[in-house]
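Here is the structure we will look at.
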Amino acid sequence: MRGPSTSTKIERLLAIVPWVVERGGATVGDIAERFEMRPAAVYDLLLAAMCYEVTGASAYENLGIVVFGGDDDAGEAWVHVEPGAMLDRPLDLSVPQAFGILVAGQSALALRGADRTGALATALDKLRAAYGERVRVSVELPLPRSLPTLREAVRAGTTVSIHYYTPNTDAVSERRVDPLDVLLADGHWYLRGWCHLRQDLRSFRVDRIEECSDTGEPHGRSAEPGEAPGSPAEPGEAP
């Protein structure tokens, strides 16, 4: 198993840091509960972020994240964010830069636990207001890239090999799945199929499939009318 991608980590930080700043600090356990992560995963993410540096006016400056005390596995460590002096200066953003921030911010707000009325949301509203029509764009979100392969595998009755990200373990596992159908529910695409690893019928959120390939091997299974949709990919995982 491997950890989440760099882009996923950045999106999480964009959601977590403003939430912590608004509250004047929070425990790792509070953050883990809010954003549905393991305390150890939150601790590792923020500990690494303490070393991140961004370019200031004349030097590199860190993000002002401080994690101290407590047991990381128990979620007792305290997190405090003290924005650096770079934020005391007015920002002069080009239209492409403003657009990039808006896209990244909107992605972060889509994460579980993100405060859609908090500091990040209001900052994005102010950015839109400041740049007006210049950053008003129409974006058509693409379908998950694995969807065509999965649909074809369902049609052909062949087994697929997937790399699946599971939030509650914060890891990516490799699975072989016999696809039975692909369906849209509550705004998300799901793959329903027989998981060789768990030896059970499971449902996988398609946007959490990082890699997907059709093995071409016939599996001989078929969906029964009225059959239950199957458990989430991992016990305790939210859909």
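Every condition in (1) in a loop (DSSP other than H, G, I, E, B); (2) modelled with pLDDT of 65 or more; (3) hydrophobic (A, V, I, L, M, F, W, C) is met by residue 139 except one, and the failing one is (2).
For residues in region 35-88 being of a type in the set (D, E, K, R) and at pLDDT 70 or above, which is farthest from residue 14 (Cα to Cα)? Spell out how you get there, then give the answer.
Of region 35-88, the ones of a type in the set (D, E, K, R) are 36, 38, 44, 53, 61, 71-73, 76, 82, 88.
Subset that is at pLDDT 70 or above: 36, 38, 44, 76, 82.
Details: 36: 15, 38: 18, 44: 16, 76: 22, 82: 15 Å.
Restricting to residues being of a type in the set (D, E, K, R) and at pLDDT 70 or above, the top hit is 76.
Within region 1-14, residues that are within 15 Å of residue 38 (Cα to Cα) reach partners that are among the hydroxyl-bearing types (Ser, Thr, Tyr) and modelled with pLDDT of 80 or more with beta carbons closer than 7 Å, at six or more positions or on different chains, in the pairs 4/165. In region 139-181, the qualifying residues are those that are in contact with a Pro (Cβ under 9 Å, 6 or more places away or on another chain) and of a type in the set (Gly, Ala, Ser), and the one that is nearest to residue 102 (Cα to Cα) is 171. Going through region 169-226 one residue at a time, which ones are in contact (Cβ under 8 Å) with a residue 40 or more places away in the chain and outside any strand (DSSP E or B)? Answer for region 169-226, where residues must be in contact (Cβ under 8 Å) with a residue 40 or more places away in the chain and outside any strand (DSSP E or B): 169, 170, 186, 206, 207, 208, 219, 220, 221, 222, 223.
Of all residues assigned to region 221-239, at least one qualifies as being at pLDDT below 80 and touching an Asp or Glu at 6+ places or on another chain (Cβ under 6 Å). Every listed requirement among (1) at pLDDT below 75; (2) at negative phi is met by residue 213 save one, (1).
The values are calculated or read from the model by the stated rules, or taken from the named source; none is laboratory data. Because the structure is predicted, anything quoted here is derived from the model rather than measured. Because the Cβ atoms are built from the backbone with ideal geometry, glycine has one as well, and the counts that use them run over all protein chains shown.
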